[in-house]
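Notes for the one structure printed next.
The values are calculated or read from the model by the stated rules, or taken from the named source; none is laboratory data. What you see is a predicted model, and the numbers here were worked out from it, not measured in a lab. We place every Cβ from the backbone using ideal geometry, glycine too, and count neighbours over all the protein chains shown.
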Amino acid sequence: MVRLPSGAGYWTVLDEDLAVVPVADAFLRHLRFGRDGAESTTKSYAGAIALFLRWCSRTGRDWQAGAAQLGLFMTWLAHAGPQVSGIGAGPGVVVLAGPGAAPARGERRINAVLAGVRGMIVHAVTEGTAPGQLMRLLFEIADDADLPAVARGEDGSTGWRVRARHRLHEPERPAARAADADIVVLLGACCSARDRLLVLLLARAGLRRGEALGLRRSDVHLLADSRELGCQVARAHLHVVRRPDNPNGAMAKSRRQRVVPLDFLTVQAFDSYEFERMTVPAAAGSDFVFVNLFRAPLGAPMRLDAVNDLVTAAARRAGIEEMHPHQMRHAFASNVLDAGGTIEEAQDLLGHASITSTQVYAHPDPARLRAAIDAVPSPLAGGRS
């Protein structure tokens, strides 16, 4: 982690001698400050690039030679577990993947690693520190036959596009969502009004944990008419605003601001939390919505890992085997669509730049699938004609 005097930071990559790798550092610094990427994004990309450079080093290649052998790198990723690909793995360790052996990494993870490696190589070519011929090794020209109809030309003719040469097919797996009954039980297991409000914002407003902990009190408008506040949006709502300088590291993922309407249940939860918050004098001076009320430093913005901790603890008290904060965002998206909302409306509420990201979330609660089947009339119900 590189922390600048301004407080902003980004993740970088070190070699085995603990020296900064220039080609990786230049890309990650550009990703963070030149493209306004999130600090967490640089962490993910740095981990991917570190894996690639480690593979290059242990196979006797420099990184440019490694770029020409990404197919071999993909095989290594699929079958090299931590004992082989980890930092502590000694020289001479080989990959022995027997028949039926479970892969060390899935398709989605391998594709994510490749995306980080491609980004570094493209940036190096753009900056002139690597030859342009590397681009031909990364990308190819392909037709658009495999794209959805809405993404192809209106005249029906074949179009052409550039696509990555190295990419695994990812089986379509619906993202895990929290069951509605589990969310109700989880709310009952929360120990404070603050925690109940946080769960409701995840489950009833679809916020990411970073968006919830990055909320300022000025972002929340609970009046029926907010025009006196300079806001033209009617009724209760909140504004999700990206602020890279939040001291707790919480930040909205999307650069585009969005408005999320709030239902009466969530508005009531805000009221209850406000009374609870007033009992902690140290919280009065903070503009952050979610602050520490029960542990030091009192009044400081809550940390991101605190969300995971409180959800895990509440789930344990409720007897729920497993629950993660993001599963409640999935539940919100599914419930919007189940209630008759369009995929475009769900996209706007979730803050997705691409509608394909929203489609991953669109899976109904299992109980509703059963109810849908039960609602189909039996052909025997009317008797014989």
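Annotations
- Residue count for the range 1-24, restricted to those that are of a type in the set (A, V, I, L, M) and farther than 23 Å from GLN64 by Cβ: 4
- Residues (touching a Lys or Arg at 6+ places or on another chain (Cβ under 6 Å) and among the hydrophobic types (A, V, I, L, M, F, W, C)) located in the range 225-242: VAL240
- The number of residues in the range 172-191 being loosely packed, with under 15 Cβ neighbours inside 10 Å, in contact (Cβ under 8 Å) with a residue 60 or more places away in the chain and more than 18 Å from HIS326 (Cβ to Cβ) comes to 3.
- Qualifying positions in the range 167-203 - more than 17 Å from the chain's Cα centre (by Cα) and basic (Lys, Arg): ARG167, ARG194, ARG196
- Picking from residues in the range 117-170 that are modelled with pLDDT of 80 or more and among the basic types (Lys, Arg), the one that is nearest to ILE49 (Cα to Cα) is ARG118.
- Flag for GLY9 being more than 21 Å from the chain's Cα centre (by Cα) and modelled with pLDDT under 95: no
- Scanning the range 316-326 for residues that are assigned to a helix (DSSP H, G or I) and either out of contact with any Lys or Arg (no Cβ under 6 Å at 6 or more places or on another chain) or farther than 16 Å from LEU197 by Cα (or both) yields ARG316, ARG317, ALA318, HIS326.
- Among residues of the range 250-282 being charged (D, E, K, R) and not in a helix (DSSP H, G or I), the one that is farthest from ASP225 (Cα to Cα) is LYS253.
- Within the range 307-324, considering residues that are over 13 Å from CYS190 (Cβ atoms) and in contact (Cβ under 8 Å) with a residue 12 or more places away in the chain, the one nearest to the chain's Cα centre (by Cα): HIS324
- Set side by side, the residues LEU298, LEU380 differ, and just one is assigned to a loop (DSSP other than H, G, I, E, B) and outside the structural domain of GLU276 (by TED's automatic domain parsing), which is LEU380.
- One residue from ARG277, ARG255 being at pLDDT below 95 and of a type in the set (D, E, K, R): ARG255
- Residues located in the range 215-248, provided they are over 20 Å from GLN268 (Cα atoms), surrounded by 15 or more Cβ atoms within 10 Å (Cβ to Cβ) and in contact (Cβ under 8 Å) with a residue 60 or more places away in the chain: PRO244
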